[in-house]
Amino acid sequence: MDEIDDRILGILATNGRASFAALGEAVGLSPHGTADRVRKLERDGVITGYTARIDPAGVGRSLDAFIDVRLLPTTDPEQFERRAAKLASVREMAFLTGRFDYMLRVACRDADDLNQTVRAIRQGGAAGTETRIVLRASRFDRGAARTD
């Protein structure tokens, strides 16, 4: 990985549909040279796929929230994860250190949908939850995080 790869990754993180010609122009390489680099990043597992980002509000899920979850001592974490992943409102799930075991990011239709989501999580083996509604968020798409 070098600076050119980092720049390619940064562009693809913002626009995964960028053509090899556009990428090459931005980083000073030919389209063929750029394609070779992208394919190598894919083979090396640095680029793991391409996806469309969907705005949850655009599909009727405008209530954005984080739900912190502490599991019961008897709850199997893998079973909890499978159950939570099936909930339509769950967008992200992270296993954590600290006071809570999981943090779930949810996109709900309204307060009632959020209430039903929290209830389903509690029934799935949670000892306790804490919900925080997002008032404003910013997204920062970046390529590789260089430390130099």
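Among the residues of the stretch 1-26, those identified as part of a helix (DSSP H, G or I) and farther than 23 Å from R139 by Cβ are E3, I4, F20, A21, G24, E25. For the stretch 5-25, which residues satisfy the criterion of being surrounded by 15 or more Cβ atoms within 10 Å (Cβ to Cβ) and either in contact with a helix residue (DSSP H, G or I) (Cβ under 8 Å, 6 or more places away or on another chain) or of a type in the set (S, T, N, Q) (or both)? The answer is D5, R7, I8, L9, I11, L12, A18, F20, L23, G24. Is it the case that some residue within the stretch 44-63 is touching a Cys at 6+ places or on another chain (Cβ under 7 Å) and closer than 30 Å to A126 by Cβ? Among the residues of the stretch 44-63, at least one is touching a Cys at 6+ places or on another chain (Cβ under 7 Å) and closer than 30 Å to A126 by Cβ, which makes the answer yes.
Of the residues that make up the stretch 70-82, is at least one modelled with pLDDT under 95, out of contact with any Cys (no Cβ under 9 Å at 6 or more places or on another chain), assigned to a loop (DSSP other than H, G, I, E, B) and within 28 Å of R109 (Cβ to Cβ)? Outline the logic, then answer.
Here is the first cut: in the stretch 70-82, the ones modelled with pLDDT under 95 are none.
No, the stretch 70-82 contains no residue that is modelled with pLDDT under 95, out of contact with any Cys (no Cβ under 9 Å at 6 or more places or on another chain), assigned to a loop (DSSP other than H, G, I, E, B) and within 28 Å of R109 (Cβ to Cβ).
Annotation note: of A35, A94, the sole residue that is among the hydrophobic types (A, V, I, L, M, F, W, C), without any contact (Cβ under 8 Å) to a residue 24 or more places away in the chain and in contact with a strand residue (DSSP E or B) (Cβ under 6 Å, 6 or more places away or on another chain) is A94. Remark: R61 matches the filter, which requires a residue to be over 30 Å from D2 (Cβ atoms), of a type in the set (K, R), touching a residue at least 40 places away in the same chain (Cβ under 8 Å) and part of a loop (DSSP other than H, G, I, E, B).
When the stretch 87-113 is filtered for residues that are among the hydrophobic types (A, V, I, L, M, F, W, C), more than 13 Å from D68 (Cα to Cα) and not in a strand (DSSP E or B), the ones remaining, listed by number, are L87, A88, A111.
The values are calculated or read from the model by the stated rules, or taken from the named source; none is laboratory data. If you're wondering where the values come from, they're calculated on a predicted model, not measured in any experiment. Methodologically, a virtual Cβ is constructed for each residue, glycine included, from the backbone with ideal geometry; neighbour enumeration extends over all protein chains shown.
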